[in-house]
Structure formats: structure tokens, C-alpha cells
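J.: Below is one structure. I have some questions about it.
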Amino acid sequence: MINGIELLVDGASYLGAGLCIGFGAIGAAVGEGYAAGRANQAASRLPERSGEIIKNMLIGQAVAESAGIFALVIAMLLMFMSFPEGAMSAVSLIAAGLCMGLGAIGSGIGSGFPAGAACEGMARQPSVMGQLTTNMLIGSAVCQTPAIFAMVVSFMLMFIQFGDRAVNPNVAAIMGAGLSTGLAAIGSGLGGGMAAGGSCQAIARQPLAFSRVTTTMLVGQAVSQTPAIFGLLISFVLMFKIFPPSAGIITATALLSAGLCMGLGGIGPGLGNGLAAVDAVIWVGRNEEAAGSLTRTMLVGQAVSQSTAIYAMVVSLVLIFVI
């Protein structure tokens, strides 16, 4: 006879799996479609090189697909593995699915930007197809970092034993941990993809600037990843700090709010950092001599944009440690 707790955990694991691949499929599909659309434009401009363009498109789509594959792996584990009984376990499984599903959205879409830009660049500069593919792969790989953060947190939520903790308020902390990294990864994945897409455009315009453009892209992408890192930090605090039992809902509300605060607060800064980086790398390709000035301007602009993510992190820490 199956008891209610077993049914609760099984139902939570199935719900987590559905949320995981449901959200996770969004980003990869959009990114791949974007790459395919730009590949069609490129092939219409240079039909005699359509074979190479299609090959590059498929490589770019494969990288964008990886975010969806991460979500698929977590969903499969949630469906077919056995997990400990208890309310804490049930909530952690739902949080794991949400974290990975949401965390795959930005990385999947973001990886499509350099893939599409590289295909367009190949039609304009067929002689530098190799450089464009290399730059696309580097930029797309960095775009996957937020999805990897989400996968790491999802694994922790699934396999760390939370059963010895008081349900209230720790159940809210666990859900907040999944939302913090999952949501914050959206902006960073998109922002990193914007920078990578601009880099491919710049190389197609000025192949001799490959090294300088790639360096600027990586710097811009590094700053774009920081909101996801802040989200990861808050997730770790919420997962590893054990909160004493509470009879009310105030502490639980504060802990769930901390995860939502950092997760939502990381979306805009990740996107904003990408918007600053994309124009910087494009104009480095047009005026390589101004690369130093452009990089400084990009970093100053990103620092200001980043401040809002810092505000969200500060408020999240106050909600965790003060309220």
C-alpha cells in the first residue's frame, strides 16, 4: 500500500520533470529557429556556398540544443530515480525542475544569436568561414554557462538530503534557491548571446580584427554572467543555511522572496550588460584603433547596469539574514 508521502514525492518529481523540459524546450527551439532563419538569408545571398552555411547552422544549433539537453537530463532523472520521502524532498524536486527549466531559456536563445550572425557573415565574407565558426563556438559556449549553473543547483536540490530540516521555513528557502539561479540565468544567457552575435558581425566586416573583437566579446560576456553568479550565490546560501523551526509564515515568505528578488533582479542587468557589449564589439570591428576606448566605455556602462543586480543581491541577503 503506497502511503500519502510516497505519492507526494512521486507527484512532485513528475511535476518537476514536466516544468523542467517544458520551460527548457523554449530557449533551445527559439535559438535554433533564429539560426535557421539567418542561414536562409545567407544562403539566398550566396547560394553556391549554401552547403558550408548549412553546416555552420547545424553546428550552432547543436550548441543551442545543449541547454535543452541539460533540461532533458534533469527531467529524466526526476521521472525515473527514487528519492527520499518527505515534504522537503517533494519541494526540492519541484524546485530542481524549475531551476533547470528556467535556466535553459536564456542560454538556448542566446546561443542562437552567434549562430545566426555567423551564417550571415559567411555570405558576406566567404573567405573567413573558419574564423566565424571558431568565434561562434567560443561565444556560444560562454552562453551555456548560466544553464550549467542551473544544472549544478538542480543536481544539488535533487541529491542533498534536506529531510532533517524543519519544513517551515526551510521549504521556502529550497524553493527560493531554485528560483534564484533559474531566473537570474535568463538575462545572463541572453546578454552573453548578444555579445557573441555582435562579435560574429564585426569579424564578418573586418576579419583582421578577429583577435581584438574576440577579446572584447569575452570581456563583455564575463560581465554579463555576473547576475547569474549572484543568483548562484543566493541559491547556495538558501540551500546550505539551516533555518530554525518557525510557526509563522513571515520567515518563510522572506526566504522565498529572497530567491525571487535575486532571480528577477538578475534578468535586466544580464540583458543590459549584453546590450552594452554588442555595440562595443561591433564598433571594435569597424574601428580597431579605438578598441581601448570602446572597451572602457563598455565596462563603465556595464558597471552601472550591474548595480541593479547588486541592489537585488543586497535586499536578498537582508531578507535571509535580517528579517
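The values are calculated or read from the model by the stated rules, or taken from the named source; none is laboratory data. Everything quoted here is computed from the prediction, not taken from an experiment. Cβ placement follows ideal geometry from the backbone for every residue including glycine, while neighbour counts extend to all protein chains displayed.
J.: Of all residues being of a type outside the set (Gly, Ala, Ser) and buried (at least 24 other Cβ atoms within 10 Å of the Cβ) in the range 62-82, which is farthest from the chain's Cα centre (by Cα)? Just the residue, please.
T.: As a first pass, look at the range 62-82 and keep what is of a type outside the set (Gly, Ala, Ser): 63, 65, 69-70, 72-74, 76-81.
Now drop any that are not buried (at least 24 other Cβ atoms within 10 Å of the Cβ), which leaves 63, 70, 74, 78.
On the way: Val63: 13, Phe70: 11, Ile74: 15, Leu78: 21 Å.
Looking at residues that are of a type outside the set (Gly, Ala, Ser) and buried (at least 24 other Cβ atoms within 10 Å of the Cβ), I get Leu78.
J.: Being acidic (Asp, Glu) and either modelled with pLDDT of 95 or more or surrounded by 15 or more Cβ atoms within 10 Å (Cβ to Cβ) (or both), is that true of even one residue in the range 39-50? Don't jump to the end; show me each part of the working.
T.: At the first step, the residues of the range 39-50 found to be acidic (Asp, Glu) are 48.
Still in the running and either modelled with pLDDT of 95 or more or surrounded by 15 or more Cβ atoms within 10 Å (Cβ to Cβ) (or both): none.
Checked the range 39-50: no residue is acidic (Asp, Glu) and either modelled with pLDDT of 95 or more or surrounded by 15 or more Cβ atoms within 10 Å (Cβ to Cβ) (or both).
J.: Another question about this same structure. Just checking, which of Gly68, Gly18 is more than 18 Å from Met175 (Cβ to Cβ), in a helix (DSSP H, G or I) and out of contact with any Cys (no Cβ under 8 Å at 6 or more places or on another chain)? Write out each step before concluding.
T.: Details: Gly18 fails: more than 18 Å from Met175 (Cβ to Cβ).
Criteria check complete, one pass: Gly68.
J.: Also, quick follow-up: Take Leu319 and tell me if it is aliphatic (A, V, I, L, M), in contact with a Cys (Cβ under 7 Å, 6 or more places away or on another chain) and in contact (Cβ under 8 Å) with a residue 40 or more places away in the chain.
T.: Numbers: aliphatic (A, V, I, L, M): yes; in contact with a Cys (Cβ under 7 Å, 6 or more places away or on another chain): yes; in contact (Cβ under 8 Å) with a residue 40 or more places away in the chain: yes.
Answer is yes for this residue.
J.: Being of a type in the set (A, V, I, L, M) and either loosely packed, with under 15 Cβ neighbours inside 10 Å or modelled with pLDDT under 95 (or both) is the filter here, so list the residues in the range 275-323 that pass it.
T.: First pass over the range 275-323, keeping only residues of a type in the set (A, V, I, L, M): 275-278, 280-282, 284, 290-291, 294, 298-300, 303-304, 309-310, 312-315, 317-320, 322-323.
Within the range 275-323, Ala290, Ala291, Val300, Ala303, Val304, Val314, Val318, Val322, Ile323 meet the criteria.
J.: From the list Ser111, Ser92, which residue is touching a Gly at 6+ places or on another chain (Cβ under 6 Å) and in a helix (DSSP H, G or I)? Walk me through how you get there before you give the answer.
T.: Working: Ser92 fails: touching a Gly at 6+ places or on another chain (Cβ under 6 Å).
Being touching a Gly at 6+ places or on another chain (Cβ under 6 Å) and in a helix (DSSP H, G or I) holds for just one of Ser111, Ser92, which is Ser111.
J.: Next up: Just to be sure I understand, how many residues within the range 157-186 are in contact with a Ser or Thr (Cβ under 8 Å, 6 or more places away or on another chain) and either more than 23 Å from Leu319 (Cα to Cα) or in a helix (DSSP H, G or I) (or both)?
T.: Step one: list which residues in the range 157-186 are in contact with a Ser or Thr (Cβ under 8 Å, 6 or more places away or on another chain), which gives 157-158, 160, 162-163, 166, 168-169, 172, 174, 176-178, 180-181, 185.
Subsequent filtering for residues that are either more than 23 Å from Leu319 (Cα to Cα) or in a helix (DSSP H, G or I) (or both) retains 157-158, 160, 163, 168-169, 172, 174, 176-178, 180-181, 185.
Residues that pass the stated criteria total 14.
J.: Ok, one more. Within the range 234-246, is there a residue that is small (Gly, Ala, Ser) and either modelled with pLDDT under 95 or under 30 Å from Pro126 (Cα atoms) (or both)? Give the steps one after another, and end with the answer.
T.: Within the range 234-246, the subset small (Gly, Ala, Ser) is 235, 246.
Right, trim to either modelled with pLDDT under 95 or under 30 Å from Pro126 (Cα atoms) (or both) and you get 246.
Looking for residues that are small (Gly, Ala, Ser) and either modelled with pLDDT under 95 or under 30 Å from Pro126 (Cα atoms) (or both), one finds at least one in the range 234-246, hence yes.
J.: Please state which one of Ile109, Ile59 is among the β-branched types (Val, Ile, Thr), in contact with a Phe, Trp or Tyr (Cβ under 9 Å, 6 or more places away or on another chain) and either within 23 Å of Gln225 (Cβ to Cβ) or buried (at least 24 other Cβ atoms within 10 Å of the Cβ) (or both). Working first, answer last.
T.: Working: Ile59 fails: in contact with a Phe, Trp or Tyr (Cβ under 9 Å, 6 or more places away or on another chain).
Sole residue among the options that is among the β-branched types (Val, Ile, Thr), in contact with a Phe, Trp or Tyr (Cβ under 9 Å, 6 or more places away or on another chain) and either within 23 Å of Gln225 (Cβ to Cβ) or buried (at least 24 other Cβ atoms within 10 Å of the Cβ) (or both): Ile109.
J.: Moving on to the next point. Tell me which helices (runs of 4 or more DSSP H) are completely within the range 200-310 and hold 2 or more residues being closer than 13 Å to Ala184 by Cα and touching a residue at least 60 places away in the same chain (Cβ under 8 Å), or say none if there are none. Quick ask: steps written out before the conclusion?
T.: Numbers: elements: 210-224, 226-240, 250-265, 267-286.
The qualifying helices (runs of 4 or more DSSP H) are 226-240, 250-265, 267-286.
J.: Of all residues in the range 126-153, count the ones that are closer than 14 Å to Ala39 by Cα and not β-branched (Val, Ile, Thr). Spell out how you get there, then give the answer.
T.: So in the range 126-153, the residues closer than 14 Å to Ala39 by Cα come out as 126, 129, 132-133, 136.
From what's left, not β-branched (Val, Ile, Thr): 126, 129, 132, 136.
Number satisfying all stated conditions: 4.
J.: When you scan the range 211-224, how many residues do you find that are surrounded by fewer than 24 Cβ atoms within 10 Å (Cβ to Cβ) and either modelled with pLDDT under 95 or not hydrophobic (A, V, I, L, M, F, W, C) (or both)?
T.: Here is the first cut: in the range 211-224, the ones surrounded by fewer than 24 Cβ atoms within 10 Å (Cβ to Cβ) are 211-212, 214-215, 218-219, 222.
Then drop every residue that is not either modelled with pLDDT under 95 or not hydrophobic (A, V, I, L, M, F, W, C) (or both), which leaves 211-212, 214-215.
Total meeting the criteria: 4.
J.: Only one of these conditions is not met by Val30: (1) surrounded by fewer than 19 Cβ atoms within 10 Å (Cβ to Cβ); (2) touching a helix residue (DSSP H, G or I) at 6+ places or on another chain (Cβ under 6 Å); (3) more than 22 Å from Cys119 (Cβ to Cβ). Which number is it?
T.: With respect to (1) surrounded by fewer than 19 Cβ atoms within 10 Å (Cβ to Cβ); (2) touching a helix residue (DSSP H, G or I) at 6+ places or on another chain (Cβ under 6 Å); (3) more than 22 Å from Cys119 (Cβ to Cβ), Val30 is out only on (3).
J.: Which residues, counting only those in the range 200-245, are closer than 21 Å to Gly178 by Cα and among the hydroxyl-bearing types (Ser, Thr, Tyr)?
T.: Passing the criteria: Ser224, Thr226, Ser235.
J.: Among the listed residues Ser246, Ser211, Ser235, identify the single one that is of a type outside the set (A, V, I, L, M, F, W, C) and closer than 23 Å to Thr308 by Cβ. Talk me through it step by step, then tell me what you get.
T.: Numbers: Ser246 fails: closer than 23 Å to Thr308 by Cβ; Ser211 fails: closer than 23 Å to Thr308 by Cβ.
Unique residue meeting the criteria: Ser235.
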